[in-house]
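A.B. asks: My questions all concern the structure below.
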Amino acid sequence: MLSFSFIKKETLRADIATVSIHLTHTFGAEALSFEKKFTNSAGEEFTLSKFKYYLTNFKLIGNSSKAASVESYFLVDEEQPDSKKLIVSFEPGTYTGLRFLLGVDSIRNVSGAQTGALDPLHGMFWTWNTGYIMAKIEGHSPVSRMPGNFFEYHIGGFRGETNTLKQIDLKFPQALTLQKNRQLKIQVQADLAKWFSGPVDLSIAAKPSITSPGTNAKRIADNYADMFTLMDAKTNEP
Amino acid sequence: MKKTKSTISFILLVTIAFGLMADSCKKKDASAYNPTLETLSVPEGFPAIAYDFNQNPLTKEGFELGRKLFYDGRLSRDGNFPCASCHQQFAAFSSFDHSFSHGFDDGFTTRNAPGLFNLAWQKEFHLDGGINHLDVQQLAPLTAPNEMAETIENIIRKLKADPDYPGMFKSAFGNDEINSQRLLRALSQFMVSVVSSQSKYDLYKKGEASFTPYEERGYTLFKAKCASCHTEPLFTDLSYRNIGLPGIPNLLDAGRMRITNDPADSMKFKVPSLRNVVLSQPYMHDGRFASIEACLQHYTSGVVNGPTVDPLVRNRIALNRSEIVDIVAFLRTLTDTVMTKNPRFADPESKPIFSPDPEQHD
């Protein structure tokens, strides 16, 4: 049977340990909500209506040089609370941090029709210029010149200098030992304010729509690469 | 003792029962999924196939499913626009006599529909090469608001509700699940199977046909003046080039640059195959020329030079009127009616128009 689960199927083994990653979305210090108004670093007020991104290729970094990795593809969606809890299985061991990609690796961008989290029907795939949208936000702001004051940032592109794929490393405060049949619970905060400020600040008035690969998309990806913070990591019974 | 014995018999019974169940499941599966594997043969002189059949093994069942889907209007939002509405078999699967093709809500496409054949030898799709795999190309026309304008979710819903499709998906893929990957892969199986390699030119190359003096002279001229881009045997080198077409009002199409963002690619489009070229009029990415002669005249006297115009056409191509006649005669040998009339590629629901019907003569 094929599964529609967002978690890729893997062989069940007795000697695995799991890592559960719990994501919390914020804007600065405030909890994210589509009901609230926020103000970005350019002083522009806006509301959000969409926030989705891919987290893939999870690895645990150990004291040994070998990383424990697993084929894992998740689509996180602010509107789907369940999508903010990710479960990944790893080999037991002692680890110092978590590594993953924000976006979809280039192999999956060039391998034709995919299923599960990578199914093109999730609205995260460009049909006219093949490739996944790594992350997107949409919303409204009085400063946007677009119809209905709409703004949209669909960030993607996996080639060359405008590659938007980001490797995220979250270091644990201290090395953690993950035993079999145990679960490592990790709390991660994603701060959407980072989309707007970084090496090049983003102004909604100046650029209300970015929906193709290129320099502009790359700039936003350079900004949001910094959005994740590890809040807590501890081992629990599963 | 008795109790132990009955326990053992019970365990035995359960084991046997489970064994039987497992066995019958296996048998049922085996009888249900037994697709007929097919091999796409490489015509003599053709390069190796680019399409990856390891991911999507070609089967009779997959091909037939793809064929039905290709001709099914329900893949479009209002039911009027199957793939075949813009890709007509008699026009070598291009849009006959249309510079742009009709789409949903009186929409028009913004580029001339290319003929669909020999796709198994291509790695990039669309005139700007923006699509890197045939399986995902289909998402573009299926969802574009000016083409079929449908969502993948709706297509899957319509196919699931159909009396025939679930069974066809089961025969092609092992169970009746219908998802986007299977839909796209089935369509690919049909499309890669359309091969054009049986024109008069192909017979000539095999020594099974001879050219007229016009065709012979045209072939010699073609090899000297056209073949560096329209390379045999596909009659395209699959590169992107700007051939110096002057801009036309209300259509700003940057071509390949739209994909690469590289100004060096401005106004470049994929070199089209010239196989079946007489069937696919009008010509160029925007269908601006109604005849092959007009295309050739562009190369002799119409090229407008700009920074990205191809060095091979910058100085124009010298051809006199009789040479144009000869080249056109040669291009006519590239028509493959074996493909355009092959009932295997036709609408599975249509009846052959010209098939002999003894009853009618009574």
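The values are calculated or read from the model by the stated rules, or taken from the named source; none is laboratory data. These figures come from a predicted structure and were not determined experimentally. Don't worry about glycine lacking a Cβ; one is built from the backbone with ideal geometry, like all the others, and counts go over all protein chains shown.
A.B. asks: May I ask you to list the residues in the range A:179-224 that are part of a strand (DSSP E or B) and within 14 Å of another protein chain (Cβ to nearest Cβ)?
C.D. replies: Result: A:I210, single match.
A.B. asks: Here is a follow-up. For the range B:86-134, enumerate the residues that are part of a strand (DSSP E or B) and either at pLDDT below 90 or not hydrophobic (A, V, I, L, M, F, W, C) (or both).
C.D. replies: If the condition is that a residue be part of a strand (DSSP E or B) and either at pLDDT below 90 or not hydrophobic (A, V, I, L, M, F, W, C) (or both), then B:Q88, B:S94, B:H102, B:G103, B:G107, B:F108 are the ones that fit.
A.B. asks: Working only within the range A:114-130, note down all residues that are at the interface with chain B (Cβ under 8 Å from one of its Cβ atoms) and touching a residue at least 60 places away in the same chain (Cβ under 8 Å).
C.D. replies: Answer for the range A:114-130, where residues must be at the interface with chain B (Cβ under 8 Å from one of its Cβ atoms) and touching a residue at least 60 places away in the same chain (Cβ under 8 Å): A:T115, A:N129.
A.B. asks: Name the single residue, out of those in the range B:54-77 being under 15 Å from the mean Cα position of the chain (by Cα) and within 14 Å of another protein chain (Cβ to nearest Cβ), that is surrounded by the most Cβ atoms within 10 Å (Cβ to Cβ).
C.D. replies: So, considering only residues that are under 15 Å from the mean Cα position of the chain (by Cα) and within 14 Å of another protein chain (Cβ to nearest Cβ), the one surrounded by the most Cβ atoms within 10 Å (Cβ to Cβ) is B:G66.
A.B. asks: Return the residues of the range B:62-85 that are in contact with a Gly (Cβ under 6 Å, 6 or more places away or on another chain), over 20 Å from B:F169 (Cα atoms) and not in a loop (DSSP other than H, G, I, E, B); say none if nothing qualifies.
C.D. replies: none
A.B. asks: Return the residue satisfying two criteria in turn: it lies in the range B:268-282 and is within 11 Å of B:G115 (Cα to Cα) and at pLDDT 95 or above, and of such residues it is surrounded by the most Cβ atoms within 10 Å (Cβ to Cβ).
C.D. replies: This residue is B:R275.
A.B. asks: Let me ask something additional. Suppose we filter the range A:127-179 for residues that are of a type in the set (D, E, K, R) and under 22 Å from A:F100 (Cβ atoms); how many remain?
C.D. replies: The qualifying residues number 5.
A.B. asks: If the Cβ limit is 8 Å and pairs must be 6+ apart or interchain, which residue in the range A:99-113 that is within 11 Å of another protein chain (Cβ to nearest Cβ) pairs with which residue that is buried (at least 24 other Cβ atoms within 10 Å of the Cβ) and in a loop (DSSP other than H, G, I, E, B)?
C.D. replies: The qualifying pairs are A:N109/A:T130; A:V110/A:T130.
A.B. asks: Kindly indicate whether B:Q137 is within 13 Å of another protein chain (Cβ to nearest Cβ) and either under 12 Å from B:L75 (Cβ atoms) or modelled with pLDDT of 90 or more (or both).
C.D. replies: It is true that B:Q137 is within 13 Å of another protein chain (Cβ to nearest Cβ) and either under 12 Å from B:L75 (Cβ atoms) or modelled with pLDDT of 90 or more (or both).
A.B. asks: Taking the range A:111-155, which residues are of a type in the set (D, E, K, R) and either within 14 Å of A:F74 (Cα to Cα) or in a strand (DSSP E or B) (or both)?
C.D. replies: Within the range A:111-155, A:D119, A:K136, A:E138, A:E152 qualify.
Quick grid of which residues meet (1) of a type outside the set (D, E, K, R); (2) within 24 Å of B:I178 (Cα to Cα):
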| residue | (1), (2) |
| --- | --- |
| A:S83 | yes, yes |
| A:E91 | no, no |
| A:L98 | yes, no |
| A:L102 | yes, no |
| A:F125 | yes, yes |
| A:T130 | yes, yes |
| A:E161 | no, no |
